[in-house]
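This report refers to the structure that appears directly beneath it.
The values are calculated or read from the model by the stated rules, or taken from the named source; none is laboratory data. Note that the coordinates shown come from a computational prediction; the quantities given were computed from them, not determined experimentally. Quick reminder, even Gly has a Cβ in these numbers, built from the backbone with ideal geometry, and neighbours come from all protein chains shown.
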Amino acid sequence: MDLPWRFLEVKQIEIYVADTYNGDMKKCNVCKETKSEDSFGTNGISKNGKRYLKSKCRDCDNKRKRELNKEKPELSKAVNKRFYEKNAQKMRDKAKKWREENPEKSKQQCREWYKKNKDRAKCYNLNYKYGISLNDYKKMQKEQNNKCYICKIKDDNLVVDHNHKTGEVRKLLCVSCNIFIGKMEKDTDRLMAALNYLEIPRA
């Protein structure tokens, strides 16, 4: 029976359901393989807690989604965006719960993702923390010749220095100078005392 259930009459639906379900097993309408119900996504849940399973197994469903992404990328983006906007909080809560229940797997996935997407991760962090893009950062690097603005030492991993009160981005510094500035800018009197201390003649 090749017709999807929505085109069948009531008696045909009963035959279709009996033919499709086999205890905790279900036949996929696409690959025609009988798989466990866990291999199928859910279209929804009724008030009494019954799950309405999709007619396609997850493998076939994901394959079709990948094909759609290639065939109609703009449509796929629009559908994904609309779905995320509707289910954003639910998805965040689900992801948070999974991370709490699987801390080691979560850390491993993060490490693997970071290795493959270093520029993307850096771009996100720059925008989230300082409100600048990766291109802005590279432009500042070029202007400073990849050198710390204070100590003038060349460093390929310069960090963004910013005003902690106003959030204003200042310059790129090496890690040591950034830590030093972060500690001393809150107490300039202490900084002056440290400078005076260094100027004391030693025997």
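Scan segment 96-136 residue by residue and report those that are surrounded by 10 or more Cβ atoms within 10 Å (Cβ to Cβ) and either in contact with a Ser or Thr (Cβ under 9 Å, 6 or more places away or on another chain) or touching a residue at least 24 places away in the same chain (Cβ under 8 Å) (or both).
Listed by number, the residues that qualify are W98, R99, C123, L126, N127, K129, Y130, G131, I132.
Return the residue satisfying two criteria in turn: it lies in segment 29-48 and is part of a loop (DSSP other than H, G, I, E, B) and modelled with pLDDT under 80, and of such residues it is surrounded by the most Cβ atoms within 10 Å (Cβ to Cβ).
Among them, the one singled out is S46.
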